[in-house]
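Participant: Dropping a structure here in structure tokens format, bear with me for questions.
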Amino acid sequence: MPHCAAADIRAFLIDMDGVLFHGERVLPGARALLDWVAGRPYLFLTNNPILPPAAVSAKLARLGLGEHPPRRVLTSAEATAGWLAAQHPGFRYFAVGAPGLDLALSQVGVADAERADFVVVGEGEGLNYQSLAQGINLILKGGARLVVTNPDLTVDAERDGRHWVLPGGGALVAPFAAATGRVPVVIGKPQPLLFEMAVARLGVAARDCLMIGDRPDTDIAGATRVGMCTALVRTGRFGPGEPLPADGVRPDWDVADLPELLKGLAE
């Protein structure tokens with residue numbers, strides 16, 4: 001039985017890929033879940049820095065999952081930009097990753113490949129020999145700090161109807177760390193910052209939130225550390241019956257899919 005009572009949950013943090021959809025394919029119960037949380041405080045919380053919130057909102061609408069304004073979406077790119085601005089107002093950065101990362105950083109910092117204060121690595125295309133060499137020199141010669149949006153070693157994706165495993169932020173930042181000997185600052189789940197920013201935006205306490213995710217190593221572990229209730233939906237990397245990591249972290253709800261979770265929350 002969950003240690004969290006469903007009746008005490010006031011707000012919801014919802015991971016998306018692996019919970020609501022795989023690529024362009026909506027998962028069972030996704031629309032029902034979003035209908036159920038309507039009228040309550042909720043946010044979509046993602047380690048994926050590739051798409052900006054407006055694009056995420058557009059994807060949800062395109063998939064038939066309802067209209068959700070961009071303020072309902074919190075990405076690791078946004079969290080990274082917010083943290084950097086707090087550490088160093090007006091910071092200069094060199095970004096390696098998809099355009100969504102640069103967009104988030106550019107709203108509070110200045111792109112500068114010659115005098116960057118931070119080398120920021122995120123998921124998506126962008127890592128090549130030139131960008132790696134540039135980042136290494138900014139760190140070793142210019143004193144820039146190494147930052148990564150999220151620690152995931154791999155992420156799941158669909159291409160032409162086929163399942164693909166792609167490199168995550170943790171894999172993409174590894175060459176910079178190896179070449180410089182520097183340990184990167186990690187922003188996304190399971191680090192607490194993304195969760196703390198989420199509850200601050202919602203105006204609720206962490207203990208009143210339920211984190212719904214598909215990865216025990218990021219969604220569940222991180223939310224547990226900050227005192228949230230947790231629900232693991234086994235429609236992502238961890239399928240039904242697959243053993244959980246041996247770190248002792250266990251979700252409050254461990255369910256096969258969203259319909260089973262909704263049933264448990266309604267009891």
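Participant: In segment 15-23, is there at least one residue being under 24 Å from residue 160 (Cα atoms), at pLDDT below 95 and in a helix (DSSP H, G or I)?
Facilitator: Scanning segment 15-23, I find no residue that is under 24 Å from residue 160 (Cα atoms), at pLDDT below 95 and in a helix (DSSP H, G or I), so the answer is no.
Participant: Another question, if that's okay. Within segment 88-98, is even one residue open to solvent by less than 30 Å² (accessible area, probe 1.4 Å), within 16 Å of the chain's Cα centre (by Cα) and closer than 15 Å to residue 146 by Cα?
Facilitator: So far as segment 88-98 goes, yes, one or more of its residues are open to solvent by less than 30 Å² (accessible area, probe 1.4 Å), within 16 Å of the chain's Cα centre (by Cα) and closer than 15 Å to residue 146 by Cα.
Participant: Sticking with this structure for a sec: Which of the following residues is open to solvent by 80 Å² or more (accessible area, probe 1.4 Å), within 21 Å of the chain's Cα centre (by Cα) and more than 10 Å from residue 258 (Cβ to Cβ): 25, 31? Talk me through it step by step, then tell me what you get.
Facilitator: Working: 31 fails: more than 10 Å from residue 258 (Cβ to Cβ).
After applying the criteria, what remains is 25.
To keep it simple, each residue is scored yes or no on (1) more than 30 Å from residue 36 (Cα to Cα); (2) part of a strand (DSSP E or B); (3) among the aliphatic types (A, V, I, L, M).
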{"site": "54", "(1), (2), (3)": "no, no, yes"}
{"site": "58", "(1), (2), (3)": "no, no, yes"}
{"site": "68", "(1), (2), (3)": "no, no, no"}
{"site": "82", "(1), (2), (3)": "yes, no, no"}
{"site": "152", "(1), (2), (3)": "no, no, no"}
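Participant: OK, next. Any idea which residue in segment 226-236 is farthest from residue 10 (Cα to Cα), counting only those that are touching a Lys or Arg at 6+ places or on another chain (Cβ under 9 Å) and open to solvent by less than 20 Å² (accessible area, probe 1.4 Å)?
Facilitator: The qualifying residue farthest from residue 10 (Cα to Cα) is 232.
Participant: Just checking, does segment 198-215 include any residue being of a type in the set (D, E, K, R) and buried (at least 21 other Cβ atoms within 10 Å of the Cβ)?
Facilitator: Of the residues in segment 198-215, the ones of a type in the set (D, E, K, R) are 201, 207-208, 214-215.
Next, from what is left, pick out any that are buried (at least 21 other Cβ atoms within 10 Å of the Cβ): 214-215.
Yes, segment 198-215 has at least one match.
Participant: Tally the residues that are at pLDDT 95 or above and within 24 Å of the chain's Cα centre (by Cα), restricting the search to segment 124-135.
Facilitator: Of all residues in segment 124-135, those at pLDDT 95 or above come to 127-135.
Restricting the remaining residues to those that are within 24 Å of the chain's Cα centre (by Cα) gives 127-128, 131-132, 135.
Residues that pass the stated criteria total 5.
Participant: Mind listing whichever residues of segment 105-122 are open to solvent by 10 Å² or more (accessible area, probe 1.4 Å) and either at pLDDT below 95 or assigned to a helix (DSSP H, G or I) (or both)?
Facilitator: 106
Participant: Those residues that are buried (at least 20 other Cβ atoms within 10 Å of the Cβ) and either touching a strand residue (DSSP E or B) at 6+ places or on another chain (Cβ under 6 Å) or part of a strand (DSSP E or B) (or both), I need them from segment 34-52; list them, please.
Facilitator: Start the filter on segment 34-52 by keeping residues that are buried (at least 20 other Cβ atoms within 10 Å of the Cβ), which leaves 42-52.
Selection gives 42, 43, 44, 45, 46, 49.
Participant: Here is a follow-up. Do we have any residue at all in segment 20-34 that's in contact (Cβ under 8 Å) with a residue 24 or more places away in the chain, acidic (Asp, Glu) and more than 21 Å from residue 236 (Cα to Cα)?
Facilitator: Pass one, segment 20-34, residues in contact (Cβ under 8 Å) with a residue 24 or more places away in the chain: 20-34.
When the remaining residues are screened for being acidic (Asp, Glu), the result is 24.
In the following step, the residues that additionally are more than 21 Å from residue 236 (Cα to Cα) were identified as none.
Within segment 20-34 (the criterion being in contact (Cβ under 8 Å) with a residue 24 or more places away in the chain, acidic (Asp, Glu) and more than 21 Å from residue 236 (Cα to Cα)), the answer is no, since none of the residues qualifies.
Participant: Can you find, within segment 151-195, the residue that is surrounded by the fewest Cβ atoms within 10 Å (Cβ to Cβ) among those that are among the polar types (S, T, N, Q) and modelled with pLDDT under 95? Break it down stepwise before answering.
Facilitator: Kept after step one, since they are among the polar types (S, T, N, Q), are these residues of segment 151-195: 154, 180, 191.
Still in the running and modelled with pLDDT under 95: 154, 191.
Numbers: 154: 13, 191: 21.
The selected residue is 154.
Participant: Now for a separate question. Scan segment 169-195 residue by residue and report those that are of a type outside the set (Phe, Trp, Tyr), more than 24 Å from residue 228 (Cα to Cα) and touching a strand residue (DSSP E or B) at 6+ places or on another chain (Cβ under 6 Å). Step through it out loud before you land on a result.
Facilitator: Taking segment 169-195 first, the residues of a type outside the set (Phe, Trp, Tyr) are 169-175, 177-194.
Restricting the remaining residues to those that are more than 24 Å from residue 228 (Cα to Cα) gives 169-175, 177-184.
Correct list: 169, 172, 173, 182, 184.
Participant: Go through segment 66-76 and give me each residue that's surrounded by fewer than 21 Cβ atoms within 10 Å (Cβ to Cβ) and more than 13 Å from residue 14 (Cα to Cα).
Facilitator: Passing the criteria: 66, 67, 69, 70, 71.
Participant: For segment 249-267, give me each residue that is open to solvent by less than 60 Å² (accessible area, probe 1.4 Å) and farther than 15 Å from residue 212 by Cβ.
Facilitator: 249
Participant: Check whether at least one residue in segment 237-244 is at pLDDT 95 or above and either within 21 Å of residue 82 (Cβ to Cβ) or open to solvent by 30 Å² or more (accessible area, probe 1.4 Å) (or both), and report yes or no.
Facilitator: Quick first cut of segment 237-244, residues at pLDDT 95 or above only: none.
Looking through segment 237-244, none of the residues is at pLDDT 95 or above and either within 21 Å of residue 82 (Cβ to Cβ) or open to solvent by 30 Å² or more (accessible area, probe 1.4 Å) (or both).
Participant: Considering 146, 138, which residue is modelled with pLDDT of 95 or more, over 23 Å from residue 27 (Cβ atoms), open to solvent by less than 40 Å² (accessible area, probe 1.4 Å) and part of a strand (DSSP E or B)? Show your work before the answer.
Facilitator: Working: 138 fails: part of a strand (DSSP E or B).
From the options 146, 138, the qualifying one is 146.
The values are calculated or read from the model by the stated rules, or taken from the named source; none is laboratory data. Everything numeric here is computed off the predicted structure, so don't read it as measured data. Cβ: placed from backbone, ideal geometry, glycine included. Neighbour counts: every protein chain shown. SASA here: full protein model, heavy atoms, side chains in, ligands and nucleic acids out. Shrake-Rupley method; radii C 1.70, N 1.55, O 1.52, S 1.80 Å.
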